[in-house]
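Notes to accompany the following structure.
What follows draws every value from the coordinates through simple rules; no lab data is involved. Predicted model, so just to flag it, every value in this text is computed and none were measured. Cβ coordinates were reconstructed from backbone atoms using ideal geometry, including for glycine residues, and neighbour counts include every protein chain displayed.
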Amino acid sequence: MLASSVVNVIYAAALNDGFVTAALGFLIYQGVRYACIIPMMIWPNVAVQRAGLAVLLAHTVLMMV
């Protein structure tokens, strides 16, 4: 995920799409993903797993729109 973010920021900078805007957007995007994935890795509780997957699903759907 980190490599993908770095490549996307480099492409945004190369295409002059606004480095700061692109970097901030990718930082927020990856922050939400990490905030959901890390608790799912630490706590093997079913409720944590379901909540994390629900938030990831909602985040993915909202990013597609």
Please determine, in degrees from 0 to 90 and to the nearest 10, the orientation of helix 2-14 with respect to the longest principal axis defined by the Cα atoms of the chain, where the helix direction is its Cα long axis. 20 degrees
Between 0 and 90 degrees, rounded to the nearest ten: what's the tilt of helix 19-42 against the longest Cα principal axis of the chain? 20 degrees
How far apart, in nm, are two points set 7 Å out from the Cα along the Cα-to-Cβ line at Ala54 and at Val7? 3.3 nm
For the chain, take the longest principal axis of its alpha carbons; what is the angle in degrees between that and the long axis of helix 46-64, to the nearest 10 within 0 to 90? 30 degrees
Multiply the residue gap between Ile42 and Ala14 by 0.36 nm, knock off their C-alpha separation, and tell me the result in nm, one decimal place. 6.3 nm
With a Cα-only, solvent-free Debye model of the chain, what are the log10 I(q)/I(0) values at q = 0.20, 0.22 Å⁻¹? -0.81, -0.90
